[in-house]
Structure formats: structure tokens, C-alpha cells
Amino acid sequence: MLLMNYITCILLIVMGLYTIVMKKNLMKIVIGMGLLDYGINLLLISIGFKAGGTAPIFTIGELKSDSFFVDPVPQALTLTSIVIGACVTALALSLVVMINKHYGTLDTDEVRRLKG
Amino acid sequence: MTQHLPILAIISLFIGAFIVSLIKEKNTTLRNTVVLIVTFASLIFTLMMYKPIIEEGNVLTYWMGNWEPVQNWAIGIGLEVDQLSLFFGLFISLSIVLSAMYSFKYIENETGKDKYYVLFLMMSASVMGFIFTGDLFNMYVMIEIMTFASVALTAFRNNRPEAVEAGFKYIAIGSIGSSLILLATVILYAQFHTLNLAQLAGEMYNNYTVASIFALALMIVGYAVKVFAVPTHFVAPDAYMAAPSSISMLFSGIVNKAAVYGILRIIYVVYQSMNLPTMQFLLIFWGTVTMFVGVTMALAQHDFKRLLAFHSISQIGYVITGIGLTTALGITGGLYHALNHTLFKGLLFLCAGAVFYATGTTDLDKLGGLAKRMPQTAFIFLIGAFSISGIPPFNGFVSKWIIYQATYEAGYAPVTIVALLVSVMTLASFIKVAQSAFFGQLPKEFKNVEEVPLSMRVPMWIMAILCVIGGIVPNIVTKYLVTPAANAVMNASRYVEAMMGKEFASKFYNNLGSAPVIDYKLAGYWQPISWLILFGVLLLAFTLVAVLGGFNPKHFSYADEEDAKYDVFFSGESSEFSHVAGSDLFWGLKYQFRHYFDFMHNIHSGIVNDYALSVVFTAAVILLYVFTFVR
């Protein structure tokens, strides 16, 4: 079950990198950046998982030495990472809109005024 | 009070960003005052840490929300400031103040100034947070905020197509770099179940696994993308060129330096793998390639700021080479050069900004003769140009000298030769800039340009004076700033001990708190004062000749034919005059090495896919290298 998660997240990361490198459309590059992010988020949430563990929400009194729960730290990290990823996507999309306004195209072969 | 200083230095800038966003466009004076107060506050808090950390040699630690470690297990986010962090913090907070002062007049006529200052303060705060934190995930968050703010500021002049294009390229490449750093963080957490740098360093001491080596490779590539080391440097010139000059200064002064700090912290403190000769070779090779490619590309540029950007890449190559050496002298040279690079490159970017402010262009083919109209800017530019070229008695000479000696001592003599060659080419390209922007004929349309306002000149003068001071009294600068930082790099056990306690640290390290002695026997075989006198005499002679009319430019009528300039000269002339444009001073060299330059030009294709491919390629090569040799 967990192995499935790891395979999926590696696939997502590779697909993300492939999209960024190979696709000539700026929108697709933004999608690739998203895929890369989701792959890492899935990896992050998977490493904190323990089969049979409960949600890590306790008050001080409830917490016993034999309580078995999943690792809460990766969940906090994943939330942070998702928020950052959403911000990056939003900024990248707004830049794509501006590029379309200036250049009238989204083709990477034509958006190359800065070179050399 | 002392223990709260690290968080105060960070949070004052974040609070400033929040307040500025509330003021908006309504009140310019109030907004500028707030920006000035918070940046100065951050500088003062950082300066106040000087006494406990560098003078008394303590390491400040601060647990956010007072979540202290339980049973040697870090559960909260910790800030930790040692000599290395403070060394970076001092010059970073200084350049933030100077850039803020410069910005007030420089972006006066732009729209969206409130957003500019919010992003400016966010970027500054995230860099301060990055260098003061002691937590791996916090480092990722801060570097991501930094990239985010940098991208938005790159695209600040979004009425210009180049700015938006550069912004998109920067975010696409920058986010791949951040993703690699995050992936490495995740892998390290999965392996060791902690994010605290000190605890990680302890757990990993002589206990490398396959996963941690994988993470090391990803981390190095991730930070190399942020530091713009060569195969991943393609977006740097675009971003530096498109951003306002006050921001370009921060890109080379603080954003780049934060990544250098990241590499130092990860490699020396967390991994302590630098005694491995293979890692040493990797960094030195990488740094040498970076400095060479950067400077040769700079020779071919026609835009002032794009040229400076390639020089920035080249100088970072020196820093990487220096810190890759692992000897005390090498690290001292690398750190000293990082400090100097912030000063002189910031200065040069501010000069480019002053030229842009006065004339509205940074194209070297259009500029000329500005020294007549802007004498102070021209003078300051020459100080910056001499510093970056490593001419005594300016600061660039000192740090480059230390790097030459350190590379030679460590047995990398070819690297020394390349470094010297790169220094010469740096001087050559700055002669080109000086000649085509500040000397020669003044074009008609710039007859009425004026010197920039005082509030823009003051930061430039401060940096220029610091450049000279750094070159005249290198022994004082090394003693009170660089050596403590180099000691902190060489002595990771003190970092672990301060954060996690003696009991935890003594489990891994046998000899706690012993600093290796730095050998300065070779450093400083030169007399800065006599060089200064020589420089003064030469300058006087030059001025005398110029005043007496020795250098009056003659007015030529150029022939149309251009081809003759590439011919081998035997006798006579096929055409009376060959037109060599001011910015094309080294046409002969460029022609002879045209295959190399054509190749480099084709590589800098401007297609974002190619740039992303080079990052992925670098990651693949480094992974292969690390897994083959570092075990």
C-alpha cells in the first residue's frame, strides 16, 4: 500500500520534470511545476504514515505512552508546502498572462527576447 | 535581551513589510520612514550580536515558543546564530539598508511603489531568516519566500516584455531548485526523523547512508541553482538585467550569498564531508568552470547590467572555489571574497542604476562620455571596477590573492592560473565598460544629463569607501570578521554543542570546542600603503595629462566597410578606417575565439525548456558523481 504511494510520487516527479523540459507551451510548464510539487507533497505525507495509527490529535491527559499515532510533523510540513506551491502557481500564472499580453503567444520558442 | 536578538533582526523586517502594505500609496514620507526604520533596526540588532558572538565567541540559540529539546530530541523550531551566520548577517543587513536608501529616489517615478517595498522587505527578511535559522525545513521555507519575492521584483517593471519574460524563467528554474531542496529535506527527515541542523549533524556524523548521500547530491544541486553556478546560471543575467538596479544589487549581494551560506552550512556543518578529496575536487572544478564561463560571456555583452550579471556569476566562481578548498586559508579567502563581492558588485549595480536614472538606457552602444556630466558616478564606478578586477589597493585584490595562494598551496596550480586569467579578463571587460559608458564622446542626446541626487550617491559612496577600507586594512578585517567565521566553518562540533547541549555533542565528537589554527604565514606578503601611494601618483599623472589635453578624442568619419578589421594586417590598409564600436573593444579576441563564443551564444538560447534541461542534467551528473566517488 505504501509502496504504491512511493511509486506514484516518483512517477509524478518524473512526469513534472518531463513536462517542464519537453513541453513548449508556457501553461503546460506551469502544470509541470505543479506536478513536481504534488509528487513531493505525496512523498512528504507518506513518510509520516504508520499503518493502523490514529490521527495525532490529543490533549495532555489523553496522551499515554502506548498511544499509537501517525507522525504529525510531515503533515504540518505538507500543509506549508501546499500553501507555497499554490502561491508559486498563482505567481507563475499571472506572469503567463502578462507574457501573453506582451508577446501574443505562449510558445517558448518565441518568448526568447533575452538570450546570448 | 541578548537571546532575543536573532528573532528581532528577522521579525522587524517582516513587521515592516506588514505595515508598509497597510500604508499603501497614500503617504510616501511615512512609508519611506517606516522602511528606513525597520531596515536600520534590523542592522542594529545584528550589530548588537557582534559582541556576544564574535568577541566573546558564544553561539546564540533561540527556541521559537520556548519548545526546548526533550531527551536530546529537538521538537521545536530553533534559531541558531554562530560566527558564520553573523558574518553573513552583518554585510547582508548593511546592504539592505543601503539598497533601501537608494530605492527612495531611484523608483520615485514608477507605479506600484507600495508593492515594491512590501516585496523588498519580504525578500530581505527571508534572507535574514535563512541565515539565522537552525532548522532544515525553515531553510526551505525561507529560500522559497526569497525566490518568490525575487521573481515578483524581477517582473516589477511589467510594462517591459523583458521583465515579465525574465520573471517567468526565474520562477520556472527557481522552483525546480527549491523542489530539489525540499526533496532532499524530505529524504533526510525520513531517514533521521529530525529537522534540526545540529541534531542532524550529530546523527549523521560518520553515519552516512545511501539516502543521506542522495539527499546531499540533491541539496548541492538545489543550492547551486540558487547560487547560479554555471550549468544552471542561464536565468541570472535575464533576472539581473530586468530587475531595478537596487534589486539587482540585492540579488548579487544577498540572494546569492544566502545560497553560498546554504552550501557552507550543509556541506561543512551538517555533512562534514568536506575532508573527502572527491567532494573538494567537485566544488573546485565547479567553481573554476563557473568563473571562466562567466567572464568570457561578460566579454561578449553589450548591455551594462547584463555584463555585470555575468561578472557576478564569475565572481561567485571564486567564492565556490575558495570554500571548496577545505583548508583554513581557502575558506578565509572564499568568505572574504563573498564579503567583497557584496560590496563591489553592489556598488557597480548602483552605478548602472545611476546611469539608467540619468539617461534612461543601459545599452553600452548608446552611452558614452558620461564622466563629463556625472563625475562622481564615474569616479565611484572606477573604484568598483578596480576592486572587482583585483587591482591593489582595493579589496578585491586581497581576497583574490588569498584564493590564489590557497589554491596553489593545496596543489591546484592550474586553478590558480585560470583564476589569474579570469581576473585579467575581468579587468579587460571593465576597461571596455569604462571606455564606452564614461569616456569617449558624449552623444548629443545626453548633453543635458545631470548627476544623480544625493540620496542615491550616499549609498554608493559608503560602499566605495568600504571597498577601499577592505583593501587597505585586510589584517583588521580578517581578524575581526573573517577568521571567526572561518573557524566556525571548520569547527562544526561547537554548533552542535550549543544547540543540543554538551551531553548530546560528546556522544559524537571527541574533542569538543577545539578550533584549528589558521596559518597566515603566506597571506599578506604585500604592502597596501605603498600600493596606495603608487596608485595616487599614477592617478595624479593621469589627471595631469588629461587636464593638459593629452586624451582629447579625435572625431573620425567612419567608413562603411567593417570587414577589414578582421583581416591580418600586412601593409597598407584595405579601407581607411574600420569602425570598432565602443562596446566592441575586444573584437579581435572575439573573432579569434568565434567558435567558442558562437557555441556559448547558442547555449544561452533563451528557451526556458533548455534552461530546465540543464538543471536536470546537472542534477543527474552530480548524482552520478556523488554515488560513484563519495562513499
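Derivation of every value follows stated rules applied to the coordinates shown; laboratory data play no part. Predicted model, so just to flag it, every value in this text is computed and none were measured. Cβ placement follows ideal geometry from the backbone for every residue including glycine, while neighbour counts extend to all protein chains displayed.
Structure notes:
- Mean Cβ neighbour count within 10 Å, used as a protection proxy, ranking B:191-203, B:100-112 highest first: B:191-203, B:100-112
- Hz values of 3J(HN,Hα) by residue in segment B:26-34 - Karplus curve (6.51, -1.76, 1.60), Gly and Pro given as x: 5, 10, 5, 4, 4, 5, 4, 4, 4
- Distance histogram in 5 Å bins (all Cα pairs of segment B:89-234, percent per bin): 2, 9, 15, 18, 17, 15, 10, 6, 4, 2, 1, 0
- Comparing mean-square fluctuations of A:Ile84, A:Ile57, A:Ile45 from a GNM of chain A with C-alpha springs under 10 Å, the top value falls on A:Ile57.
- Across segment B:148-156, computed HN-Hα scalar couplings (Karplus, 6.51 cos²θ - 1.76 cosθ + 1.60, θ = phi - 60°) run 4, 5, 4, 4, 4, 6, 4, 8, 4 Hz from first to last residue, x flagging Gly and Pro.
- Amide hydrogen neighbours beyond the local backbone of B:Leu585, cut-off 5 Å, H modeled: none
- Overall form of segment B:78-141 per C-alpha gyration tensor (a/c, 1.5; a/b vs b/c): oblate
- Top of A:Met98, A:Met33, A:Met15 by mean-square fluctuation, Gaussian network on chain A, Cα under 10 Å: A:Met98
- Label point distance in nm, B:Met64-B:Tyr480, each placed 7 Å from Cα along Cα→Cβ: 3.4 nm
- The long axis of helix B:277-299 is offset from the longest Cα principal axis of chain B by roughly 20 degrees.
- Mean-position separation - Cα centroids, segment B:1-78 and segment B:176-192, in angstrom: 27 Å
- Net charge of neighbours whose Cβ lies under 11 Å from the Cβ of B:Ala259, counting Lys and Arg as +1 and Asp and Glu as -1: +3
- Segment B:407-455 and segment B:456-487 have their alpha-carbon centroids 20 Å apart.
- Whole-angstrom gap from segment B:138-156 to segment B:292-317, using each part's C-alpha centre: 23 Å
- Theoretical gain in end-to-end length, B:Gln3 to B:Glu55 [0.36 nm per residue, Cα-Cα removed]: 17.1 nm
- Contour minus Cα-Cα distance for B:Thr28 and B:Ala211 (0.36 nm per residue): 60.6 nm
- Point-to-point label distance, B:Leu624-B:Leu532, nm (Cα→Cβ direction, 7 Å offset): 5.2 nm
- For peptide A:34-41, the mean count of partner chain Cβ atoms within 10 Å of a residue's Cβ comes to 3.
- Protection proxy ranking, highest mean first, for peptides B:378-385, B:166-173, B:535-542, B:204-211: B:166-173, B:378-385, B:204-211, B:535-542, where packing is the per-residue count of other beta-carbon atoms within 10 Å, averaged.
- The gain in end-to-end length when the A:Phe58 to A:Asp107 segment is fully stretched comes to 12.4 nm, 0.36 nm per residue minus the alpha carbon separation.
- Seen against the Cα atoms of chain B and their longest principal axis, helix B:304-324 is set at about 40 degrees.
- Out-of-range pairs (alpha-carbon distance over 23 Å; input A:Lys28/B:Lys169; B:Lys345/B:Lys432; B:Lys257/B:Lys366; B:Lys113/B:Lys226): B:Lys257/B:Lys366; B:Lys113/B:Lys226
- Normalised by the number of residues in chain B, the mean separation of alpha-carbon contacts (under 8 Å, six or more apart) gives a relative contact order of 15 percent.
- Contact order normalised by residue count of segment B:3-144, Cα under 8 Å, 6+ apart, percent: 34 percent
- Reported value for the protein assembly as shown: 172 Å³ per residue, from the convex hull of its C-alpha atoms.
- For B:Ile131, neighbours were defined as the other residues whose beta-carbon sits under 12 Å from its Cβ, and their charges (Lys and Arg +1, Asp and Glu -1) total 0.
- Nearest 10 degrees, 0 to 90: helix A:72-103 Cα axis against chain A principal axis: 10 degrees
- Distance between the modelled labels on B:Leu36 and B:Glu108, one decimal in nanometres: 1.4 nm (7 Å Cα→Cβ projection).
- The mean count of C-beta atoms from other chains within 10 Å of the C-beta of residues in B:392-404, rounded to a whole number, is 0.
- In order through segment B:49-59: 3J(HN,Hα) via Karplus (6.51 cos²θ - 1.76 cosθ + 1.60), integer Hz, x for Gly, Pro: 6, 4, 5, x, 8, 7, 6, 8, x, 8, 10
- Once backbone amide H atoms are built at 1.01 Å from N, B:Leu79 has B:Tyr62, B:Trp63, B:Met64, B:Gly134 as its partners under 5 Å, excluding neighbours fewer than 5 places away on the same chain.
- With a 10 Å cut-off around each Cβ of B:176-185, the average count of Cβ atoms from other chains is 5.
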